[in-house]
Structures are given as C-alpha cells and as structure tokens.
1. Let me cross-check A:Thr251: its accessible surface, 1.4 Å probe, with only protein heavy atoms counted, in Å² to the nearest 10?
2. How about region B:264-337: which trypsin sites (Lys or Arg not before Pro) there lie in a loop by DSSP and see at most 11 other Cβ atoms within 10 Å?
3. Percent relative contact order of region B:20-95, based on C-alpha pairs within less than 8 angstrom and at least six residues apart?
4. Give me the percent of DSSP beta bridges within the protein assembly as shown that run antiparallel, rounded to the nearest 5.
5. Placing +1 at every Lys and Arg Cβ and -1 at every Asp and Glu Cβ, with all other atoms neutral, what dipole size does chain A have around its Cα centre, in debye to the nearest 20?
6. Net charge near B:Met90: determine it from the other residues with C-beta under 11 Å of the C-beta of B:Met90, scoring Lys and Arg +1 and Asp and Glu -1.
7. Just the accessible area for A:Ile167, please: 1.4 Å probe, Å², rounded to the nearest 10?
8. Does region A:44-193 classify as rounded, prolate or oblate by the C-alpha gyration tensor (a ≥ b ≥ c root eigenvalues; a/c under 1.5 gives rounded; else a/b over b/c gives prolate, otherwise oblate)?
Amino acid sequence: MEIFGIPHQAFLGQLLLGLVNGAFYAMLSLGLAVIFGLLDIVNFAHGALYMLGAFAAWIMLDKFGVNYWFALILAPLVVGVLGVVIERVFLKRLYGLDPLYGLLLTFGLSLIFEGIFRELFGVSGQSYPVPELLSGATNLGFMVLPNYRAWVVVVSLVVCIGTWYLIERTRLGAYLRAGTENAKLVQAFGVNVPLMVMLTYGAGAGLAALAGVLAAPIIQVNPLMGSNLIIVVFAVVVIGGMGSIMGSILTGLGLGIIEGLTRVFYPEASSIVVFVIMVIVLMIRPAGLFGKEA
Amino acid sequence: MKLNALVAAMAITLAAAASAQVANTGAVKIGFITDMSSLYADIDGPAGGEMIKWAVADFGGKVLGRPIEVLTADHQNKADVASSKAREWMDKDNLAMLVGGTSSGTALAMAKVAAEKKRPFISIGAGSARLTNEDCTAYTVHYAYDTVALAKVAGSALVKAGNKNWFFLTADYAFGYSLEGDASAVVKANGGTVAGAVRHPLNASDFSSFLLQAQSSKAQILGLANAGGDFTNAMKAAKEFGINKTMKIAGLLVFINDVHSLGLANTEGLQLADSWYWNQDDASRAFAKRFFDKYKRQPSSLQAADYSAATTYLKAVQAAGTTDGDKVMETLKATPSNDFYTKGKIRADGRMIHDMYLFEVKSAKESTGPWDYYKLVSKVPGDQAFTTVADSKCSLLKK
C-alpha cells in the first residue's frame, strides 16, 4: 500500500518523527504563550533559555557528574531562577510599556547569552550521551524508533497538558488569568500579583530549559541551537494565536507533522513550510487559528 | 555654470590623484571574510583571521617597505554580505588581496568581485571545485582542498573497498551540490551506483526524517555531503536511529573539530580526506603547539592553510616587487610553495596542487588522549587528487 507515492510504512514513520519534533515546538511555544498571555512580554530570549537548559545539563554531567535524571529537574530550576532574576532586574521595569520594549530587551539578552557561550565553548557543540535506561530502540513494525524519542513525546505531552490544566482549570490559574486582566483588583483581594508574575516568567524559562535538557541527547549542545529554533517557534505561536495555550500546543504538534512530511515530499522546502503556513493563516485569520479576535 | 563644472572636475581629478598617492605608499591591506559566528566558526573563524595576522607578524609586519594591515569581517554565510564587503574594501580601502573563508556560495560571489577588480583572491575554507573549474578566474587561487579532491580521496577508497551502492545526504547549497556531484562521478567511475539523494537545508534542526529516507533506499553507504554542525548532528542522529548498523557512513568533509566534538565513540573507524593534520610532521607540530598554547585546541587544516596562504602571498609580493594583481598572480603561479602546510604549486587555473591525505579515526583504545585522532591510511599525490587538466572546463588551462 502506498500513500502519495511512498510506502505507507515509511509514511507512518515520517508522521511519528514529525510528532517528535512537534513535541519540541509545542513545549517551547507553550512557554512563550504562557509568558505572553500573562505578562504581555514577547520573550525573544526563549531560544537562549532553551540553549542554557541544554548547556546546564551538559555542564552538570561533564563537570560534576550529575546524571540525566537529576539534570532533568535541576537544569530547569537553575534556568528558572535565572528567569526570576531577569524578571526582577529588567522586565519589571517594562510593564505597561509598548510590548516592543520587552521584545527588544529579551532579544538583546539572548544575543548576550549566545555570545558568552560561543566565546566559552565554540560553535562545534558538545556531545551529550543518551541516558542508559533509554538507549536502544524499539521496532514498531513500520520503523525502528529510538526509545529516547518516544520518551520525549511522552514527557512533552504530560508537561503541555499539565500546564494547560494548571492555568485553565485550577484556582491558581484563575488568579493568574485574573491578574493579567486587572492586576489592581486582584491585588485588592490579597493576592501578591508581582510575586505571581515573577514566578510565571521563571516557570516559562524553566519550561524552555526542560525542552533544552530533553533535546541535549538528540542534537549537539551548541550555543546556536536556540536561535536556529526560536524563529520557527515564534511562527508556531503566531499561527496558533499569541497567548492561546491550547492553541500553541496543538499548532506545535501539527506543524511538526507538516514539516516532517515536507521533508519527504519536498525536502528543500522543509525549512520554510512553517512560514508559508504562517502567511496564509495571517491572511485568513489575523489573530491566529486559536486566538481571540481583538 | 561652466566654471562650476570645471572646478568640480578638477576637484575629482585631484581627489583621485590624492587617493592613488595614498594607495602606493600606505599600508598593504589583506582582507579576510569568513563565518565568524555561525556553524563554521570553529573550523576557520576568528582563529583563522588570527593565523593571517601571525603570518604577517612572522613576515616582519612589512612588505616592500610598507606596513601590512589585516581586515576581517563576518559574512554570516550570506553571499551578498560577503561580496558587498569585498567590493567595499577593494573600492574604499584599496585592498590588495582577499582571503575567503568557509562556505562556497560566499566564495563564488567574492571570486567574481575580485576578478572584476583584478585583485588576487585566495579561497581556503570553501570547498566547491567550481572555483577553479566552470567558474575559474585569472585572480582566484583555491588553496587548501576542494570537493573533487574530497570525492577522489575519500570516495574512491570506499568504493574500491567494496561499497558500491551510495545514497547522499546533501546540504542544500553550492558546496553540497558540488560535493554530491563530484562524489557521484567518482562512485560511478569506480563501478559503483548512486541510489539517490536527499537535500536538507543548511543548519537543519533535525536529521531523523532524512536519515529514514536514506535507509529505505537500501543503499550500502550513506555519503554525508555536508559539513560542520550539519555533519555532527547527522552523525549523531544516524547513531541514535541505528542507521550505522544497516549502512556504512562516509563523511565527505570532516574537520578535526567535528571529530573532537562528536567524540571517538561516535566517529571511530570513519575515513576522511583532509589536506593537513596537526601531528603529521615536526614543522606541523611546532605550528600546532603555538596554536594550542593560545586556543587550547589543535588547529584545523583550514587554519594552517590561512597562515600558509598569507605567507605565500607576501612572498610573491616581495618577489614581484609590487602589489599589482596581475603581476602578483603571475609570480604566485610561477613559484612552488614549500612550508609546513603545503609542498605544492599553483596551477594556471588557480588550483593549488598538493598532496591530500586519507585518514581513519582511531578507536578510543588507540588514541593517547584528546586530539590524537587520526591515523594515516594513504597519501594521494596532488595530480591524482584534484581535477585533471583533461577533465577541467577552465579556459585558463592550455590543453
């Protein structure tokens, strides 16, 4: 049996690989959506935070012998704390201003982080081994899937759905959403809004770092790994609708699959297909697929 | 009105004369344009620029009694950035010679500008053999390696060892096409077949999809016609997906920095072609030690070539007694080189003909420590490694 001229087994394999990449897009765009939705900050430093997460994991392993499983928790925490510092020192001063200022500031920060790591480690990248427990591969019949990639999809889905649930379905999430609508009123009810905002940015940074740790065994840990990805992730957020959490998750997964299929049918276009879709979506639904019309 | 025009014309003439004056007595300027910050920055990059400065300093800092100045710029792997910078330097700064770094698209663009301005252009980091073949110019020197040499040295060794059926994973730009084309020709010439190819964007984020396509081709050998970060990520994914169990993998352009960053566990047994290895003889080791003391890593073949090329150029200027592009090119092509990097000669088409080497990456057991990575498999003489006069399409070669 063939689908679009390729054997259906290969087709299924490519769908699955697209889903793995989509899982990364979903996790990264989720963090962006949370930060934009609640803080109104277009966080261009997201790619750099992702890179820092991967480097944190590599440094922990290489210099301190901290294994993958601890790094999976520690690296997001470290980067999350850095996020808190960034929020307290810089972003705090920009609330209420045009979002453009936040965009420029975070863009500048990401250039600085990348520059520092390029100076320290060069651009060739560092190898991070796949953890023992997840090495090897499983034969699914239609393809051989490395166990680690399956793990990435599982973790990413759990994190995405967990975050969505936290923000859309819990009391804490309700405070957060209310705080963005009317901070003064929520404060009057005794909720510490600045603390909440600070922790939200920290959590967003932690999410980016978690994606970085997950990516470390798959690709070379490299100072440029974030900037290679961030533009695509922004396109994902724009297509999904800025600030829509479920939108960014679904769009991330969907675009991963579309990109994966493009790699089969017309590989040369695989790096731009996301942007073509972005243009079309912006023409038809300027607020994005899941965004609310302003 | 007329008076005005006359004064303006005079002013222009005087200004031109004044700048010509500056050109003959001011500094001799050498330019270096390469990838300073992206995926090829480690194999060449800022350290490559520093090598040119070392060459200038070792030469005495002066040639023909004039001081030598080195200008460097980052082309970000964009051909338009590279060519407009080259043009600016040649027009405004009266650049005497340009060294081109990594990325073939940029080198082809700069070669055009240099030819138009009649300035010597020494291409080092770029691989495309088009530079001295279809697109050859009277002012281009291709100094270190090219895609034909990589294909002939690495490719033919593999085909002769019985790996007949190939599939290529190719970087989607000038260099990738050249390498894939040249390697395919070598494979076919040695009785092999090419099952197909898939092209990936430069700086691709994920290779698994491309690798799966390669695997389903059922070819015996996967030729990686890419470089730098693309090569290392493709190698890593190939290992993760077990591609290396069903296919043999051939890196067609591998630098020692790539081997270092992937580690011997991921590269053991890989055969590769290169123009130089830091541990090949005493003179090379002496150069490498100096480099290591500053950078805490060993130099790539490109960085060694940057030093060697700058020295070769300055010697030619000294011998020719002028920085005039035509005369310097004549001297360059008439004078054989003999230094730690190359013992060769620049052919009429601009191709530096020198020995190339086939190396095999050592296993962790064989290696005595970091950077002890290669063992020599064979040395291929220049006239066998590069495009032969008979095969060349360059009009500068008299047949």
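1. For A:Thr251, the solvent-accessible surface is approximately 10 Å².
2. Sites meeting the loop and neighbour criteria: B:Lys296.
3. Once divided by the residue count of region B:20-95, the mean separation gives 45 percent.
4. 40
5. Value, rounded to 20: 560 debye.
6. Cβ neighbours under 11 Å give a net charge of +3.
7. 10
8. Here region A:44-193 falls in the oblate category.
The values are calculated or read from the model by the stated rules, or taken from the named source; none is laboratory data. Worth saying up front: this structure is predicted, and the values here are computed from it rather than measured. Cβ sites come from the backbone with ideal geometry, for glycine too, and all protein chains shown count toward neighbours. When the accessible area is computed, the model is the full protein with side chains, heavy atoms only, and any ligands, DNA or RNA have been set aside. Shrake-Rupley method; radii C 1.70, N 1.55, O 1.52, S 1.80 Å.
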